[in-house]
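S.K.: Below is one structure. I have some questions about it.
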């Protein structure tokens, strides 16, 4: 079963706009990760945030984590057509002893 | 190319046939995972190896599925007597880490897409 649930399921924006995707999960975690997947390809790791961190940045990516609400968000600023992909959050167990569990993903379309 | 390699990329088979997928992980990685992904869904965990030992298996892995990692390097995933419900993308990932933990990022291959007719 999938622990993470991304919201929205699909998002369509214009190039240059910001895209925000949300992830909710059910159990305590050690880390939360975000991955990207282009259509028909493998997943690529984007960013990892630890349970004791609240915010993390990497280039145009900003991730927040609220462990009290069991939720995370991924913000992509100044989106580009090349950002078009599916984005998944993934969580491990409380002690990192559970293989990563992925959500269903958000399909992002960035229109040029 | 030193990334995770999967073969074949695509496999079309008839129901009832056996198929085998191969995964070559990043050479220094001691952990290897198999995930299955169906259309519109996220990857679902199937099984995990720490070196050559298969340490965890999902209940999704029916007895028709078997995975090996004989020398702690490449891995194979075999599906016997395939069913149409087995049609999916089979993803392999590797990472480096301590036994019993799953922290850290996974490096995925491009996947092997199975279509069962």
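S.K.: If neighbour count is taken as other Cβ atoms inside 10 Å, put A:110, A:101 in order from fewest to most.
M.R.: Working: A:110 20, A:101 23.
With the fewest neighbours first, A:110, A:101 line up as A:110, A:101.
S.K.: While we're on this one: Report relative contact order for chain A in percent, whole number only (criteria: Cα-Cα under 8 Å, sequence separation at least 6).
M.R.: Values: 292 pairs, mean separation 43.8, N = 112.
Relative contact order here is 39 percent.
S.K.: Still on this structure, I have one more. Have a look at B:60, B:46, B:32 and tell me which one the Gaussian network model of chain B (Cα, springs below 10 Å) gives the largest fluctuation.
M.R.: B:60
S.K.: Something else now. Under a GNM of chain A (C-alpha, springs under 10 Å), which listed residue has the highest mean-square fluctuation: A:68, A:39, A:79?
M.R.: A:68
S.K.: Thinking of the protein assembly as shown as a set of Cα atoms, what percent of all their pairs are more than 25 Å apart? Intermediate values should be presented prior to the final figure.
M.R.: Working: 10500 of 26106 pairs.
Result: 40 percent of Cα pairs exceed 25 Å.
S.K.: Hey, in the GNM for chain B with a 10 angstrom Cα cutoff, which one of B:11, B:57, B:71 fluctuates hardest?
M.R.: Highest fluctuation of the listed residues: B:71.
S.K.: Same structure, new question: Quick one: P(r) of chain B from all Cα-Cα pairs, 5 Å bins, percents rounded to integers, in order of increasing distance.
M.R.: 2, 13, 24, 26, 19, 10, 5, 1, 0
S.K.: Rank these for me by crowding, B:27, B:94, B:5, A:12, going from fewest to most other beta carbons within 10 Å. Let's see the in-between values first.
M.R.: Values: B:27 8, B:94 23, B:5 15, A:12 12.
Listed from fewest to most nearby Cβ atoms, that is B:27, A:12, B:5, B:94.
S.K.: Separation of the range B:29-100 and the range A:39-105 by C-alpha centroid, Å?
M.R.: 22
S.K.: Quick one: Debye curve from the alpha-carbon atoms of the range A:5-111 only, equal weights, vacuum; give me log10 I(q)/I(0) at q = 0.20, 0.23 Å⁻¹ to two decimals.
M.R.: Reported log10 I(q)/I(0), two decimals: -0.99, -1.27.
S.K.: Return a whole-number percent for the relative contact order of chain B, with Cα pairs under 8 Å and 6 or more residues apart as the contact set.
M.R.: Values: 290 pairs, mean separation 42.8, N = 117.
Result for chain B is 37 percent.
Each value in this text was obtained by applying a stated rule to the coordinates, not by laboratory testing. Fair warning: this is a prediction, and the values are worked out from it, not measured in the lab. Quick reminder, even Gly has a Cβ in these numbers, built from the backbone with ideal geometry, and neighbours come from all protein chains shown.
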